[in-house]
1. So how many residues does the stretch A:364-396 have that are within 23 Å of residue A:335 (Cβ to Cβ), within 15 Å of the ligand (Cβ to nearest atom) and more than 10 Å from chain B (Cβ to nearest Cβ)?
2. Which members of the stretch A:27-48 meet the condition of being surrounded by 15 or more Cβ atoms within 10 Å (Cβ to Cβ) and within 15 Å of residue A:403 (Cβ to Cβ)?
3. Report, by residue number, each residue of the stretch A:205-229 that is surrounded by fewer than 24 Cβ atoms within 10 Å (Cβ to Cβ) and closer than 29 Å to residue A:248 by Cα.
4. Going residue by residue through the stretch A:33-49, is there one that turns out to be polar (S, T, N, Q), assigned to a loop (DSSP other than H, G, I, E, B), at pLDDT 95 or above and closer than 30 Å to residue A:227 by Cα?
5. Among (1) over 25 Å from residue B:3 (Cα atoms); (2) in a helix (DSSP H, G or I); (3) within 14 Å of chain B (Cβ to nearest Cβ), which single condition is residue A:311 missing?
6. Taking the stretch A:120-139 on its own, how many of its residues are surrounded by fewer than 23 Cβ atoms within 10 Å (Cβ to Cβ) and part of a helix (DSSP H, G or I)?
7. Would you call residue B:77 in a helix (DSSP H, G or I), within 14 Å of chain A (Cβ to nearest Cβ), crowded, with 16+ Cβ neighbours inside 10 Å and under 15 Å from the mean Cα position of the chain (by Cα)?
8. For the subset of the stretch A:397-426 comprising residues that are under 30 Å from residue A:22 (Cα atoms) and within 14 Å of chain B (Cβ to nearest Cβ), which member is farthest from the chain's Cα centre (by Cα)?
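The values are calculated or read from the model by the stated rules, or taken from the named source; none is laboratory data. Computed from a prediction, not measured in an experiment: that's the story for all the values here. Here the Cβ positions follow ideal geometry from the backbone for every residue, glycine too, while neighbour counts run over all protein chains shown.
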Amino acid sequence: MTPTILNDATAPAVQKEHASGSFDAVKVREDFPILTQRVHGKPLVYLDSAASTQKPRAVLDTMQRFYAEQYSNVHRGVHQLSQVATDLYEDARRTVQRFINAEREEEIIFVRGTTEAINLVAQTFGRRELGTGDEVVVSAMEHHANIVPWQMICQERGAVLRVIPMNDHGELDLDAYADLLGPRTKIVAVTHVSNALGSINPVREMIRIAHERDIPVLVDGAQSAQHLPIDVRQLDCDFFTLSGHKMYGPTGIGVLYGKKALLDRMPPYQGGGDMILSVTFEKTTYNEVPFKFEAGTPDIAGAIGFAAALTYLRSFDIHEILAHEKDVLQYATETLSGIDALRIVGTAEEKASVLSFTLCAIHPHDIGTILDQHGIAIRAGHHCAQPVMQRFGIPATARASFAMYNTREDVDRLAEGIEQVLEVFT
Amino acid sequence: MDEIRELYQEVILDHNKHPHNFRSMENADAVLEGFNPLCGDHYTFYLRFEDDAIAEVSFEGSGCAISKASASIMSAVLQGKSREEADVLFELFTGIVTGKLDPVEHLEKLGKLAAFAGVAEFPVRVKCATLPWHTMHGALHGSDSQISTE
Ligand SMILES: Cc1ncc(COP(=O)(O)O)c(C=O)c1O
């Protein structure tokens, strides 16, 4: 297959344990214990992976084993277990480095997730670079996590937030974007994939445009790295963020990738242990990156579990996962388009794994409750993207989102569920 | 599906489709906003008093079927009630939808409000049903800020 949306990145070649030519989602489902559950007496149809993905046994087992057999704090002890734990934690960093093809392992900073990653950049890079009248550029389809941290620092520094508009399909206006960039623009922060609309933004092109004016770019990868191959060097992004829990990994762990030259210039984020070289009451010397940004005991088990998730993901050919997810999304789009009362919100040419919709005047919360009674888990609401809802003039949407373990059968169940919703309301 | 029918009773579906007193009010004595930030339900309630009784209740806004029907039925039920009677109904209604009171024991007082008994089986929807009532309660007890479910 030749996936057209791969203009942003290609995966580095690695040996694929599962690469047999045809991805088998039914077999993949066996790796996820939770998917055999029944909800309200019905087999679970989990269509809320954009909020958080379920976890494969490989992740659960790795974390269980770590706590049962390998656990200790990191970077501190001289004893055997501390060495084992430190090695596993630092191996996890290198696993992430390889996954996104970062040049150096120090460029991988473990954080709680995308939210913390963006706050870190806003509070360190932002505080240093932004002055009165300077500008931060975000897009009209950002998650609150890529709006509020910038608003906070802009307010503090007297800087201004500028917004790249989008069209009615949910595609960013690149001409308007280029026009927004000016001498006062200090950073562009844009999502790779929209969690509310599914749009895949042409971030590589956007980065190129920003770099022509020497403006650094942060890419919010919370919704992209589990679906698309990510190569931060090919993208040439300055910062990239990951949330482990959306990539089949545990909660509480994520990554900020940053180019080393930028990270070196940034002040620390939080103070504490591990981020220092020496402390006296008069003066503290900060540690090198990445430790400068990892104050305190990190989520060691989380990092190791996250690495297990990435190893699991890499045991497949990401292009095959992508092709499968595209097939399910396309099938869902066609199937749901056949329902008269249903309107799909977000119809960008390039989309990934998210299907937001409204159903005549039926409120998404009512849709969600009725689908839940049929064992179907979707998300209803504004998806932490209120400006997107305002842009489309709706209070909320119902959102089905897909992952590698979803199938066309899940879509059929969803369509049946929607018919039931319509039956209750007419 | 039975539980769904329990939740979405005909009365509730009717009021959702054709809400009563769904309009603004120019000469209102109290105006208060009710907001559920989790799902975006957002209503404005208007109250007009005559002597010490509630002469008229109306509302505007948008939200799910449960919250809209609750607002509609509340607006009808409260008409002509004293503040004390409104408080009693508030306690009764919130007791029923949170499952703390048994609707069977209060059928007479509940009247149309009994339609909301099914909400108790759906904990995440309790706030939808109570939002109008909490807002009204705030208006009666002198709150002049927006009432939020969170
Ligand atoms: C596009 C996007 N950005 C940021 C976030 C925030 O991620 P987290 O809650 O993992 O910090 C999310 C999560 O919903 C998201 O979808």
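1. Number of matching residues: 3.
2. A:28, A:29, A:31, A:32, A:35, A:44, A:45, A:46, A:47, A:48
3. Hits for the stretch A:205-229 are A:205, A:207, A:217, A:229.
4. Within the stretch A:33-49 (the criterion being polar (S, T, N, Q), assigned to a loop (DSSP other than H, G, I, E, B), at pLDDT 95 or above and closer than 30 Å to residue A:227 by Cα), the answer is yes, since at least one residue qualifies.
5. (3)
6. Of the residues in the stretch A:120-139, 5 are surrounded by fewer than 23 Cβ atoms within 10 Å (Cβ to Cβ) and part of a helix (DSSP H, G or I).
7. Criteria not met by residue B:77.
8. A:416
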